[in-house]
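Only one structure is covered here, and it is reproduced in the block below.
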Amino acid sequence: MASLGLSVVRIGEFAWSRLEPARGGYQLDWLARAVDTLAENGLKVVLGTPTATPPKWLVDEMPGMLPVGSNGQVRGFGSRRHYCFSHLGYRAECERIVTQLARRFGEHPAVTAWQIDNEYGCHDTALSWSNAARDGFRDWLAQKYQSTEALNRAWGNVFWSMEYRSFDEIELPASAVTEVNPAHMMDFRRYSARQVADFNRLQADILRSHSPGRDIIHNFMGRTLSFDHFALGRDIDVASWDSYPLGFLEDRSDASDERRKKYLRAGDPDFQAFHHDLYRAVGNGRWWVMEQQPGPVNWAQHNPAPRDGMIRLWTWEAIAHGAEAVSYFRWRQAPFAQEQMHSGLLMPDGGKAPGFAEADRVAGEIAALGELPQTGTADVAIVFDYPSAWAWEIQPHGREFDYFRLVFDFYRGLRKLGLSVDFVSAEKPDIGGYRLVLVPGLFAWNDELLAALESHAGIVVTGPRSGSKTLDFRIPDALPPSLPTNILDLRVLRVESLRDGCPVAVPGQGAFKFWFEHAVTGALAKASAVCENGMPAIVRQKDFVYLCGWPDDQVIDSMLRSFAGELDLEICPMSGGVRMRERGDLTFLFNYGDVTAGIGEIAKQADGGGCELLLGDRRLEPSGISIIRRRKRTPPG
């Protein structure tokens with residue numbers, strides 16, 4: 001590991017049965033030997049808490065800790081993540097084992113950080129319909145509403161005779177004959193997200209007490225929106241995520257079959273970047289890749305091998321987005337159990353796997369480049385909101401309406417123009433430094449965000465569906481988008497969801513897909529683009545813009561180009577699978593495509609125009625990377 005250039009090793013995240021084979025019979029010496037061995041070779045350690053895999057003896061003692069699916073089926077022992085966040089007895093057991101680990105290893109000089117648990121929400125485990133969750137939910141509702149009368153009003157329970165007389169009558173929102181009350185489900189999602197954050201905070205507090213000065217980390221997942229990462233991020237020092245480009249293209253992408261085939265061995269050019277930028281925001285600027293795919297994985301429907309050079313490219317792209325560390329999972333491929341088909345840097349026999357050489361190359365390149373500049377603040381921000389993802393999952397009103405997919409469309413449009421992007425939480429909307437702010441699909445406004453938008457100096461783009469509900473999941477009395485007329489004088493009278501392939505044309509710009517809103521403007525707002533049916537498409541009031549539908553790629557591109565020109569933002573339109581990211585005075589270029597691409601004027605400047613080509617060539621081979629230090633960005637030829 002040391003000779004390869006690795007500096008940090010993560011261990012112990014699933015080890016509870018070896019740390020405590022029976023209650024109270026702690027066996028920590030083997031872990032101490034491992035930590036000491038790594039330290040002797042100059043390696044730092046990220047120590048994992050083992051709470052994602054409670055041992056069989058504990059499950060047998062406390063069967064009520066097991067999570068329950070929405071169908072009422074207990075999700076039992078035999079893999080991982082088999083616990084309910086709401087179970088107070090299990091929380092006490094976690095407190096006990098984490099305290100033991102923190103006391104033993106908290107001051108060890110090699111322990112540089114702690115990873116709490118592993119991949120919250122993976123395998124659909126953020127929600128549980130257990131008795132523990134039901135009892136906790138009832139108590140949470142009682143504290144929030146204080147009386148069932150207030151709850152009945154907030155949820156609109158007069159409809160369908162759903163009124164409650166006591167909080168003890170309230171069940172979890174599952175197994176109903178048809179659709180459950182969306183306000184009921186939304187509160188359950190809020191409650192469940194709170195349980196995840198509280199569970200994490202319990203461990204973070206213990207680790208800070210016994211292991212001061214060490215970073216607290218959690219490893220999030222791709223396209224996992226079942227809890228509020230921003231809320232949890234307030235209790236950690238570093239946000240990390242597990243980046244599996246090929247697995248995610250297969251299992252978590254909305255890409256067409258043609259696009260999946262095109263990027264079969266490279267991954268989607270924008271999916272990893274999206275999460276790099278999102279988790280940088282969750283970590284308040286500090287983030288890692290905790291698990292980088294090193295070869296074929298085991299868990300997607302199909303598991304191809306990466307194209308030569310892609311492991312190197314993925315690593316450098318994370319660094320371009322500001323990653324403090326990129327950790328490969330795993331070191332050596334396990335020859336047994338569920339993940340035996342998951343590649344490592346070493347093969348099961350200890351020989352070097354193909355990814356080893358690429359990791360070795362990156363380590364050498366990093367050492368040669370030396371210290372990199374800070375990421376800095378982008379010109380463009382996207383306001384991101386996990387509750388909006390829950391809301392449109394609860395009541396999509398159309399099969400294709402998906403919050404992640406909508407936001408990703410905007411993000412991809414920005415990336416294709418060569419623009420770097422930051423994410424901002426809707427709950428803490430610090431947007432003052434951004435010239436262009438996008439707020440797509442926001443469930444409900446909050447006072448802080450409205451104040452930030454009202455005082456923002458720059459262009460704000462919102463819609464479709466933004467502000468279409470109140471926080472109680474009602475249509476606003478004044479109708480969507482529920483904005484003060486001094487911000488936007490507009491009302492949405494009705495909406496329709498569109499079948500795929502049945503767009504509403506926006507002449508000269510493209511079309512709206514999946515979703516369209518019938519809107520009327522007041523005296524202060526004007527339609528800057530009109531649909532083929534004569535309805536407003538894009539409405540503008542000074543520097544506030546509203547989209548009356550889900551824009552296709554052509555509308556997004558046309559609109560973003562126009563706003564970039566108005567704001568004097570330099571764009572570099574990207575062709576094919578080429579993408580770029582700026583980090584300080586450095587420009588990183590990556591080729592996800594399978595054909596060689598030129599980098600035009602950027603390369604010419606690097607040859608003698610006051611810029612310096614630090615890594616790579618004038619032309620990007622497939623999987624190629626170039627890093628340029630330059631003063632001014634010029635569009636590639």
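Residue 315 meets all of the listed conditions (1) over 19 Å from the mean Cα position of the chain (by Cα); (2) under 25 Å from residue 11 (Cα atoms); (3) not basic (Lys, Arg) but one, namely (1). Would you confirm, using the coordinates I've provided, whether residue 350 is loosely packed, with under 14 Cβ neighbours inside 10 Å, part of a loop (DSSP other than H, G, I, E, B) and at pLDDT below 95? The answer is no for residue 350. Every condition in (1) outside any helix (DSSP H, G or I); (2) touching a residue at least 40 places away in the same chain (Cβ under 8 Å); (3) hydroxyl-bearing (Ser, Thr, Tyr) holds for residue 558 except the one numbered (1). Given the conditions (1) farther than 22 Å from residue 395 by Cα; (2) crowded, with 22+ Cβ neighbours inside 10 Å; (3) not small (Gly, Ala, Ser), and given that residue 509 satisfies all but one, which numbered condition is not satisfied? Status for residue 509: all satisfied but (2).
Being within 15 Å of residue 395 (Cβ to Cβ), outside any loop (DSSP other than H, G, I, E, B) and hydrophobic (A, V, I, L, M, F, W, C) is the filter here, so list the residues in the range 161-183 that pass it. 183, the sole residue that qualifies. Return the total of residues in the range 1-24 being closer than 16 Å to residue 99 by Cβ, over 28 Å from the mean Cα position of the chain (by Cα) and in a loop (DSSP other than H, G, I, E, B). Looking only at that region, the number is 3.
Among residues that are under 23 Å from residue 275 (Cβ atoms) and over 19 Å from the mean Cα position of the chain (by Cα), residue 406 is not included. Test residue 528 against the criterion of being small (Gly, Ala, Ser) and touching a residue at least 60 places away in the same chain (Cβ under 8 Å), and give yes or no. No; evaluated as a whole, the condition is false for this residue. Has the range 28-51 got any residue that is crowded, with 20+ Cβ neighbours inside 10 Å, at pLDDT 95 or above, of a type outside the set (A, V, I, L, M, F, W, C) and on the phi > 0 side of the Ramachandran plot? For the range 28-51, residues crowded, with 20+ Cβ neighbours inside 10 Å, at pLDDT 95 or above, of a type outside the set (A, V, I, L, M, F, W, C) and on the phi > 0 side of the Ramachandran plot: absent. Within the range 355-371, identify whether any single residue is surrounded by 22 or more Cβ atoms within 10 Å (Cβ to Cβ), within 19 Å of residue 450 (Cα to Cα) and charged (D, E, K, R), and answer yes or no. Taking every residue of the range 355-371 in turn, none turns out to be surrounded by 22 or more Cβ atoms within 10 Å (Cβ to Cβ), within 19 Å of residue 450 (Cα to Cα) and charged (D, E, K, R).
Taken over the range 526-538, residues that are touching a Lys or Arg at 6+ places or on another chain (Cβ under 7 Å) and either crowded, with 19+ Cβ neighbours inside 10 Å or of a type in the set (Ser, Thr, Tyr) (or both) amount to 1.
Set side by side, the residues 55, 63 differ, and just one is assigned by TED's automatic domain parsing to the domain that holds residue 122 and either surrounded by 13 or more Cβ atoms within 10 Å (Cβ to Cβ) or charged (D, E, K, R) (or both), which is 55. Given the condition part of a strand (DSSP E or B) and over 18 Å from residue 34 (Cβ atoms), answer yes or no: does some residue in the range 71-90 qualify? Yes; the residues of the range 71-90 include at least one that is part of a strand (DSSP E or B) and over 18 Å from residue 34 (Cβ atoms). Across the range 88-118, the number of residues qualifying as crowded, with 20+ Cβ neighbours inside 10 Å, of a type in the set (S, T, N, Q) and in contact with a strand residue (DSSP E or B) (Cβ under 6 Å, 6 or more places away or on another chain) comes to 1. Of the residues in the range 149-160, at least one is on the phi > 0 side of the Ramachandran plot and in a helix (DSSP H, G or I).
The residue that is farthest from residue 148 (Cα to Cα), among those in the range 178-218 that are touching a Ser or Thr at 6+ places or on another chain (Cβ under 9 Å) and among the aromatic types (Phe, Trp, Tyr), is 199. When residue 428 is tested against (1) under 20 Å from residue 228 (Cα atoms); (2) basic (Lys, Arg); (3) modelled with pLDDT of 95 or more, only condition (3) is not met.
The values are calculated or read from the model by the stated rules, or taken from the named source; none is laboratory data. Just so you know, these numbers come straight off a predicted model, no measurement behind them. Don't worry about glycine lacking a Cβ; one is built from the backbone with ideal geometry, like all the others, and counts go over all protein chains shown.
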